[in-house]
1. Return yes when G194 is modelled with pLDDT of 80 or more, on the phi > 0 side of the Ramachandran plot, more than 22 Å from the chain's Cα centre (by Cα) and open to solvent by 10 Å² or more (accessible area, probe 1.4 Å) and no when it is not.
2. Condition check: within 30 Å of Q359 (Cβ to Cβ) and at pLDDT below 95. Does V133 satisfy that?
3. Among the residues of segment 129-150, is any in a loop (DSSP other than H, G, I, E, B), touching a residue at least 24 places away in the same chain (Cβ under 8 Å) and farther than 21 Å from F84 by Cα?
4. Which of the following residues is out of contact with any Phe, Trp or Tyr (no Cβ under 7 Å at 6 or more places or on another chain) and closer than 22 Å to Y253 by Cα: N78, N169, N109, N156?
5. Looking at P113, P158, which one is in contact with a strand residue (DSSP E or B) (Cβ under 8 Å, 6 or more places away or on another chain) and either open to solvent by 20 Å² or more (accessible area, probe 1.4 Å) or more than 26 Å from I355 (Cα to Cα) (or both)?
6. For segment 227-239, how many residues are of a type outside the set (G, A, S) and at pLDDT below 95?
7. Given the conditions (1) in a loop (DSSP other than H, G, I, E, B); (2) open to solvent by less than 60 Å² (accessible area, probe 1.4 Å), and given that L87 satisfies all but one, which numbered condition is not satisfied?
Amino acid sequence: MKANQNAISAQPAQLSASPSMPGKEPPTLQLQASKGNQPVQLSRTAGPPIPAGPQFETFMANLFPLEQAAIRQGMTLNQRISAFRKLYYRGFQAGPMEMWDAIIPLATNNDMPEAWSQGALAQNANNLASNQVITISAREVDMGHLFAGLDAMAHNSPITIGVATMTDNAEAATWVGDLSAVAGEFYRDFKAGGGKDDYSNVELVNGTFVDQQTDALTRRYFTEQFSVADFHGDLDPYAININPNLTIHSNLYNYYHVSQDGQGQTRRYTRFAQNCGLFDSRLQLIDSRVERVKRQLIEATIMYQAAEYRDDIGFNGDSADWGAANQTDIFGNPKYFKEHHIVNNIVDILIDYFIRRIQLGIRQEHD
């Protein structure tokens, strides 16, 4: 969820395919492509080492002394994850509660060590906080998004903010939360423009948009609200698979500083698909899981409005911006918002687009 973030803006980049290992016939796996398409054959490949790069090495050089100080203070792994998340996202006021405390309530009492505000450690902490987006192996990653996801996974719980409820706060803190920014901004523009960019008549036919204009519009909102750095930062908490017996430093090093293609972050899309709950063990979509996520995205979009614009809809459903609850305006009633066909079309299209992005990334990882 992007509310009140301090991330450096990232421009979208083209995903590059991994090099193939010549002279071998690799095993294949099946991927169920977007609605109605045939499964795609993907090859498992290996290749030369993939250096993480100097920005990652600098990041790790700053993280190491901070984590060691936290360990000396007796902080557990999960407490340390919370502390690093709070370098980027601390609680801030949104209605009657602090939003990040509402998204990760079980981490509310975990804070940064006092030592991080003193001497050389204060400079280390500032170096991390002021460089939230870094380039790792030629791809930008938002480390604030990474730690938000890791923290929510370490302190996983359902959450409720006013009229909105989500069953998984890790989704709220990562990819579903960021998709809610895309949906929320489109919806606000729709309101402000009197429905100029109307999705109400858009449908999907065998996983393909009916018209190119709709596809272009979705890409525009997706790119503007969900950068490549955000995207990678949201996928990586699912792909890293934190080892509780290792430090944060070791877990990140093992994932990002891989010795060859086919390991760690060179398979981020595949590992995300294996762990996000949308796909089965053969990486085929599970329709019931997709439908669940669509409902969760509607809930997250209401949370986004509350967090980003302080709209009361997130808390009592009676905001002047959204209209009083007894009005018949289709934008006035939060319950109507959840059911309205325009909102549902936006959600259908964004989830389909997100899934196609994941499937494209998997193909490129195995080409």
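The values are calculated or read from the model by the stated rules, or taken from the named source; none is laboratory data. The structure presented is a predicted model; accordingly, all values stated were derived computationally and were not measured. Backbone-built Cβ (ideal geometry, glycine too); neighbour counts: all protein chains shown. Areas reflect the complete protein model, heavy atoms only, side chains present, ligands, DNA and RNA absent. Shrake-Rupley method; radii C 1.70, N 1.55, O 1.52, S 1.80 Å.
1. no
2. Taking the combined requirement at face value, the residue does not satisfy it.
3. yes
4. N78
5. P158
6. 1
7. That leaves (1) as the condition not met.
One line per residue, one yes/no per condition, for (1) modelled with pLDDT of 50 or more; (2) open to solvent by less than 10 Å² (accessible area, probe 1.4 Å); (3) in contact with a helix residue (DSSP H, G or I) (Cβ under 9 Å, 6 or more places away or on another chain); (4) among the β-branched types (V, I, T):
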{"site": "G277", "(1), (2), (3), (4)": "yes, no, yes, no"}
{"site": "Q284", "(1), (2), (3), (4)": "yes, no, no, no"}
{"site": "R289", "(1), (2), (3), (4)": "yes, no, no, no"}
{"site": "I302", "(1), (2), (3), (4)": "yes, yes, yes, yes"}
{"site": "I313", "(1), (2), (3), (4)": "no, yes, yes, yes"}
{"site": "I330", "(1), (2), (3), (4)": "no, no, yes, yes"}
{"site": "P334", "(1), (2), (3), (4)": "no, no, yes, no"}
